[in-house]
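Enquirer: Structure below; questions to follow.
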Amino acid sequence: MTNTFPKHFLWGASISAHQTEGAYQSDGKGLSVQDTRQRDNHDITDFTVAVDHYHHYKEDIRLLAEMGIKVFRFSIAWTRIFPNGRGEINQKGLQHYNDVIDELLKYGIQPYITLNHFDLPQALEDEGGWSARTTVEAFKHYAETVFEAYGDRAKHWLTINEPNIMLLVDKKILGKEIPLQEKYQQFHHLMIAEKYAFKRCHELIEGGKIGPVPNISLVYPATSKPLDNQAALYFNSIRNWAYLDFSCFGRYNTVFKDYLNRNNVTITIAPEDKELMENHFPDFVAMNFYTTVTVEKPTKKDGMANGISDQQSEDIMEWGFYKGFTNPYLKKNEFNWTIDPDGLKTTLQTLYDRYHLPIIITENGLGAKDELTADGKIHDTYRINYLKQHIDQCLQAIEAGVDLIGYSPWSAIDLVSVHEGISKRYGFIYVDRTEQDEKDLARYRKDSFYWYQELIKTNQLPS
Ligand code: BG6
């Protein structure tokens, strides 16, 4: 067993626009659903300033170059390009990402750009959001605009971040619950929008490559009871394969169709969709992974309401299909997310066997409460341990034949967590601010920064 990665392995680091940029109304930017979303907890910061990456991007990229990354995964804020989702282009917004891309290329870092990461323009949301077919048209035009503007230099693209988690955990991510019928019409529109992105990327960008970016985690049955296994089959399909089967095979899978039928969900499919579904495919799969999930078959209605409140814990249930179960073999982090490095290898093997496409991991990491010491250090040994265990499983997956081409963890710099504000940090670079006090937003290298730098330099996991 070697501890060396393939020569051209793509070491990276990832962020999203709304969780880092701030400047939420600067230079003509419009509001997105993340700027307006209702929050349960008002003690945590919103995204108005975040870590002000919009103004610090040069400093941040310089630090990332020092760390040695080959790939930077970031997203474009649609509302910087089209403040109202469509209409006239905002030139300052367009220029901003031109500058970001040029800055990355200056250091030899390849951009991997997510078209949309949870931040749909509010103006489109007001017209029905992803429930309205017109949003698909607006997305197509937005994607064409950025492909044309940046495609001469940016060759790698990701479509829509985690549509599976966005729909399953709608309340937490979007601030509102979407009824089931509407949710799965949105599924269809999101997936058709993605198909347009595959098609237009290939048509407009010479040498352009594009992939979907779902959150994929294997679902385990709680016991060897046949019905628990059936619950895992359904949840694997609803959570994982429904999305990738659409992207990679161009079809609704049968387990998912049965789930929709049993819930009386009917999807409206437009005449042009069949051609799109069956003829336009990704070049690779980008996958986000934090943990696995364990479920049992719900046997009695025990007072728990149908629904999913946290994708990374056992707080999930759909009567008749599956119910979350605490896996007794796995530890949890301080935010109650289970940790399962072995599950990463199994997830990678299962995914690769199903689709036979190259895979890049575009999120994986540990959210934790870091402490800045008086001498400007952050001793995040816990994060190093988490990354080490998961990277080791990546190596094992490669040895087992998986075409894993890169690993781009979450996150490059500290950012505002979707659910827990800035107190839950993921970055290699610490940003000095608290929930209520923006302080000076100074950047500090964490211990994990130096650890990752060494790993990239040697292309080896330290033994
Ligand atoms: C992923 C999202 O689902 O999980 C990220 O793509 C998010 O945007 C990450 O930050 C971690 O979740 P959280 O809730 O800790 O921010």
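Enquirer: Just to be sure, is ASN98 polar (S, T, N, Q), closer than 24 Å to GLU144 by Cβ and either touching a strand residue (DSSP E or B) at 6+ places or on another chain (Cβ under 9 Å) or not in a helix (DSSP H, G or I) (or both)?
Expert: no
Enquirer: Considering PHE47, PHE9, which residue is over 26 Å from ILE109 (Cα atoms), of a type outside the set (A, V, I, L, M) and open to solvent by less than 10 Å² (accessible area, probe 1.4 Å)? So that I can check it myself, show each step before the final result.
Expert: Working: PHE9 fails: over 26 Å from ILE109 (Cα atoms).
Among PHE47, PHE9, only PHE47 is over 26 Å from ILE109 (Cα atoms), of a type outside the set (A, V, I, L, M) and open to solvent by less than 10 Å² (accessible area, probe 1.4 Å).
Enquirer: Moving to a separate point now. Looking only at the stretch 401-410, which residues are open to solvent by 10 Å² or more (accessible area, probe 1.4 Å), away from the ligand (no atom under 15 Å from the Cβ) and assigned to a strand (DSSP E or B)?
Expert: Once the filter is applied, which keeps residues that are open to solvent by 10 Å² or more (accessible area, probe 1.4 Å), away from the ligand (no atom under 15 Å from the Cβ) and assigned to a strand (DSSP E or B), the stretch 401-410 yields only ILE405.
Enquirer: Same structure again: Restricting to the stretch 316-326, name every residue that is surrounded by fewer than 17 Cβ atoms within 10 Å (Cβ to Cβ) and at pLDDT 90 or above.
Expert: THR326
Enquirer: May I pose another question? Kindly establish whether ILE378 is within 30 Å of THR48 (Cβ to Cβ), away from the ligand (no atom under 15 Å from the Cβ) and in contact with an Asp or Glu (Cβ under 6 Å, 6 or more places away or on another chain). Give the derivation first.
Expert: Details: within 30 Å of THR48 (Cβ to Cβ): yes; away from the ligand (no atom under 15 Å from the Cβ): yes; in contact with an Asp or Glu (Cβ under 6 Å, 6 or more places away or on another chain): yes.
Yes: the conditions hold for ILE378.
Enquirer: For the stretch 103-112, indicate whether the set of residues that are open to solvent by 10 Å² or more (accessible area, probe 1.4 Å), part of a loop (DSSP other than H, G, I, E, B) and out of contact with any strand residue (DSSP E or B) (no Cβ under 6 Å at 6 or more places or on another chain) is non-empty.
Expert: Yes, that holds for at least one residue.
Enquirer: Take the conditions basic (Lys, Arg), more than 16 Å from the ligand (Cβ to nearest atom) and assigned to a loop (DSSP other than H, G, I, E, B) and apply them to LYS176. Does it pass? Even if it seems obvious, please write down each step before you answer.
Expert: On the way: basic (Lys, Arg): yes; more than 16 Å from the ligand (Cβ to nearest atom): yes; assigned to a loop (DSSP other than H, G, I, E, B): yes.
So LYS176 fits the description; yes.
Enquirer: Kindly indicate whether GLU177 is touching a helix residue (DSSP H, G or I) at 6+ places or on another chain (Cβ under 8 Å), among the acidic types (Asp, Glu), under 21 Å from PHE235 (Cβ atoms) and surrounded by fewer than 21 Cβ atoms within 10 Å (Cβ to Cβ). Explain how you work it out, then say what you get.
Expert: Numbers: touching a helix residue (DSSP H, G or I) at 6+ places or on another chain (Cβ under 8 Å): yes; among the acidic types (Asp, Glu): yes; under 21 Å from PHE235 (Cβ atoms): yes; surrounded by fewer than 21 Cβ atoms within 10 Å (Cβ to Cβ): yes.
So GLU177 fits the description; yes.
Enquirer: I'd like the residue in the stretch 411-432 that is in a loop (DSSP other than H, G, I, E, B) and aliphatic (A, V, I, L, M) and, out of all such residues, is nearest to the ligand (Cβ to nearest atom).
Expert: VAL418
Enquirer: Okay, next question. Among the residues of the stretch 61-79, is any open to solvent by 60 Å² or more (accessible area, probe 1.4 Å), more than 16 Å from the ligand (Cβ to nearest atom), modelled with pLDDT of 95 or more and under 23 Å from the mean Cα position of the chain (by Cα)?
Expert: So far as the stretch 61-79 goes, yes, one or more of its residues are open to solvent by 60 Å² or more (accessible area, probe 1.4 Å), more than 16 Å from the ligand (Cβ to nearest atom), modelled with pLDDT of 95 or more and under 23 Å from the mean Cα position of the chain (by Cα).
Enquirer: Please find, among TYR352, TYR329, TYR386, the residue that is at pLDDT 95 or above, under 19 Å from ILE413 (Cα atoms) and among the aromatic types (Phe, Trp, Tyr). Walk me through how you get there before you give the answer.
Expert: Working: TYR352 fails: under 19 Å from ILE413 (Cα atoms); TYR329 fails: under 19 Å from ILE413 (Cα atoms).
So the residue among TYR352, TYR329, TYR386 that is at pLDDT 95 or above, under 19 Å from ILE413 (Cα atoms) and among the aromatic types (Phe, Trp, Tyr) is TYR386.
Enquirer: Scan (1) at pLDDT 95 or above; (2) surrounded by fewer than 23 Cβ atoms within 10 Å (Cβ to Cβ); (3) at negative phi for the single condition SER32 breaks and write down its number.
Expert: SER32 satisfies all of (1) at pLDDT 95 or above; (2) surrounded by fewer than 23 Cβ atoms within 10 Å (Cβ to Cβ); (3) at negative phi except (2).
Enquirer: Go through the residues of the stretch 307-315 one by one and say whether even a single one is open to solvent by less than 40 Å² (accessible area, probe 1.4 Å), out of contact with any Phe, Trp or Tyr (no Cβ under 6 Å at 6 or more places or on another chain) and either at pLDDT 90 or above or away from the ligand (no atom under 16 Å from the Cβ) (or both).
Expert: Narrowing the stretch 307-315 to residues open to solvent by less than 40 Å² (accessible area, probe 1.4 Å): 307-308, 310-313.
Those left that are additionally out of contact with any Phe, Trp or Tyr (no Cβ under 6 Å at 6 or more places or on another chain): 307-308, 310-311, 313.
Checking the rest, the ones that are also either at pLDDT 90 or above or away from the ligand (no atom under 16 Å from the Cβ) (or both) come to 307.
There is at least one residue in the stretch 307-315 that is open to solvent by less than 40 Å² (accessible area, probe 1.4 Å), out of contact with any Phe, Trp or Tyr (no Cβ under 6 Å at 6 or more places or on another chain) and either at pLDDT 90 or above or away from the ligand (no atom under 16 Å from the Cβ) (or both).
Enquirer: For the stretch 141-173, give me each residue that is within 13 Å of the ligand (Cβ to nearest atom), in contact with a strand residue (DSSP E or B) (Cβ under 7 Å, 6 or more places away or on another chain), part of a helix (DSSP H, G or I) and among the aliphatic types (A, V, I, L, M).
Expert: Within the stretch 141-173, ILE165, LEU168 meet the criteria.
Enquirer: Looking at the stretch 106-127, I want the residues that are among the basic types (Lys, Arg) and more than 16 Å from the ligand (Cβ to nearest atom) and have a partner that is open to solvent by 10 Å² or more (accessible area, probe 1.4 Å) and at pLDDT 95 or above with Cβ atoms under 9 Å, at least 6 apart or on another chain. Which pairs are those?
Expert: The qualifying pairs are LYS106/ALA65.
Enquirer: Residues of the stretch 202-254 being of a type in the set (D, E, K, R) and in contact with a Gly (Cβ under 8 Å, 6 or more places away or on another chain), which ones? Steps first, please.
Expert: In the first step, residues of the stretch 202-254 are kept if they are of a type in the set (D, E, K, R); the result is 203, 206, 209, 225, 228, 239, 245, 251.
Passing the criteria: only GLU206.
Enquirer: Any chance the stretch 181-191 includes a residue that's open to solvent by less than 60 Å² (accessible area, probe 1.4 Å), more than 22 Å from VAL418 (Cα to Cα), among the hydrophobic types (A, V, I, L, M, F, W, C) and in a helix (DSSP H, G or I)?
Expert: Yes: the stretch 181-191 contains one or more residues that are open to solvent by less than 60 Å² (accessible area, probe 1.4 Å), more than 22 Å from VAL418 (Cα to Cα), among the hydrophobic types (A, V, I, L, M, F, W, C) and in a helix (DSSP H, G or I).
Enquirer: Next up: Name every residue in the stretch 331-376 that is open to solvent by less than 40 Å² (accessible area, probe 1.4 Å), part of a helix (DSSP H, G or I) and out of contact with any Leu (no Cβ under 8 Å at 6 or more places or on another chain), in order of residue number.
Expert: PRO341, LEU344
The values are calculated or read from the model by the stated rules, or taken from the named source; none is laboratory data. For clarity, every value in this text was computed on a predicted model and none was experimentally measured. As a convention, Cβ positions derive from the backbone with ideal geometry for all residues, glycine included, and neighbour counts pool all protein chains shown. Accessible surface areas use protein heavy atoms only, side chains included; no ligands, DNA or RNA. Shrake-Rupley method; radii C 1.70, N 1.55, O 1.52, S 1.80 Å.
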